[in-house]
Amino acid sequence: MPGLATPPSKRDNRPLSHFQPGTTMTEEETTMTEEEEILVLFGSQRGTSEDAARAFAKEAPQRLNVKVKIVEMDDFLESPSWRKVVVIFVSSFGTGGAPMGAQAFRKFCDRVITDYTDNPDKEGFLKGIHIAMCGQGDSKYQTYQENPKTIAKALTVAGADLVGDVGATDAENRMKQQEEIRQWIESIWDPLSKVLAEAPLTEDHLQEMNAKTK
């Protein structure tokens, strides 16, 4: 099975003409406004998570009949814009910490976990959001999936529902990791399609979530 494509990355200063974070993904979106938009978030230290996110985002419009907004996780926090479906590709770095571009988002998640642990009866502000998570890391380190697990925990205690299985791909063997990412992407299309068949969230509901994301 072919490996993932490696589209231009902002880390090497090449232009992002077609996949600029925060923009829509296809020309057809300008005329197909009835399509639902999904959100793809990534946090990447060496590029694997970003490349995986962009490969997914490139394929999603055809596979799911949706528009796609792709944003680095810390950039998302600067101007939150939740969607009913959120697909996340993120790695662990160091001893289970967040990678470059996802450190503020991890701090936000740590605060959410603390807040809901101290207030177990508190109603989750992300109720109605559906999260699909694909984690990257290196199994040479005991904490290689700690960051993706922490983010998934925070979003679910805040009310979001997990879609499908949480991916756990291993960078110890890079070729095998590419295959694991591809297998996870293939496994998630059907669960996401079922979620997208449900009624969309209202704009008021989404705006309320955005306002509480601090």
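The values are calculated or read from the model by the stated rules, or taken from the named source; none is laboratory data. Just so it is clear, the model here is predicted, and its values are computed rather than measured. All Cβ positions, glycine included, derive from the backbone under ideal geometry; neighbour counts span all protein chains shown. For the accessible areas, the whole protein counts, side chains as well, though only heavy atoms, and no ligand, DNA or RNA atoms are used. Shrake-Rupley method; radii C 1.70, N 1.55, O 1.52, S 1.80 Å.
Rolling a 1.4 angstrom probe over segment 73-135 with all protein chains present gives an accessible area of which 48% lies on carbon and sulfur atoms.
When the pairs 149/194; 84/176; 69/149; 122/149; 107/194 are compared against a 29 Å limit on Cα-Cα distance, 84/176; 107/194 fall above it. Once both labels are positioned 7 Å from their Cα atoms along Cα-to-Cβ, the gap between residue 187 and residue 199 label points is 3.2 nm. Placing +1 on each Lys and Arg Cβ and -1 on each Asp and Glu Cβ, with no other charges, gives segment 56-214 a dipole about its Cα centre of roughly 200 debye.
Measuring how big segment 118-214 is from its alpha-carbon positions, Rg and Dmax come out at 15.8, 45 Å.
Listed values for segment 80-95 are Karplus-derived 3J(HN,Hα) couplings in whole Hz (6.51 cos²θ - 1.76 cosθ + 1.60, θ = phi - 60°), namely x, 8, 5, 10, 4, 10, 10, 10, 10, 10, 8, 10, 9, 9, x, 8, and x replaces Gly and Pro.
Sorting 99-106, 164-171 by their mean Cβ neighbour count within 10 Å, with the most densely packed peptide first, gives 99-106, 164-171. Count neighbours as other Cβ atoms within 10 Å of each site's Cβ, and list the GluC sites (Glu not before Pro) in segment 147-205 that are DSSP loop with at most 13 such neighbours. Passing sites in segment 147-205 are 172, 198. Using a probe of 1.4 angstrom and keeping all protein chains present, the accessible surface of segment 117-214 works out to 55 square angstrom per residue.
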